[in-house]
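Worksheet: one structure, shown below.
The values are calculated or read from the model by the stated rules, or taken from the named source; none is laboratory data. Source: prediction; values computed, not measured. When we count neighbours, we look across all protein chains shown, and the Cβ atoms used for this are built from the backbone with ideal geometry, even at glycine.
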Amino acid sequence: MEPSFRIAQVEFLLTQYSEATHRSGMRDLALWQSLTTQYYEDPSQWDIIPLVTKEEAFDRMVKDDWHVDMGDKFYGLDYETIDEEVLDYLKRNKLVKDINEIDEPDESND
């Protein structure tokens, strides 16, 4: 199969995804790739421990209707910004544990 045929299939699937979810397929693919190639491939490189699967993390992002806002003047995908925002989202929503954070003792048993 020619590359043009394969990329047309990808485009078709992204269009179907966008229509079904009412979200940008390209932007969500960038979120997925950030999870897959950055934070779940080698979490120790980022000093994190995943507390959920990448599928659960992605589904949570979609459920929360969360996306990375590139602003009005930027029309492409800034992968560095996406990666940074994804990591921040994972930490804020306690989907990963930052191994550099000091655990607070549980005072509820006092």
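Worth a mention:
- Filtering the stretch 61-79 for residues that are more than 30 Å from GLU101 (Cβ to Cβ) and of a type in the set (Val, Ile, Thr) leaves an empty set.
- Residue match in the stretch 5-24 (condition: loosely packed, with under 11 Cβ neighbours inside 10 Å and either closer than 16 Å to LEU77 by Cβ or hydroxyl-bearing (Ser, Thr, Tyr) (or both)): no
- Single condition PRO50 does not satisfy, out of (1) surrounded by 15 or more Cβ atoms within 10 Å (Cβ to Cβ); (2) over 10 Å from VAL86 (Cα atoms); (3) under 12 Å from the mean Cα position of the chain (by Cα): (3)
- Of all residues in the stretch 15-28, those being among the aliphatic types (A, V, I, L, M) and modelled with pLDDT of 95 or more number 1.
- If only residues of the stretch 1-55 that are in contact (Cβ under 8 Å) with a residue 40 or more places away in the chain and of a type in the set (Val, Ile, Thr) are counted, the one that is nearest to ASP98 (Cα to Cα) is ILE48.
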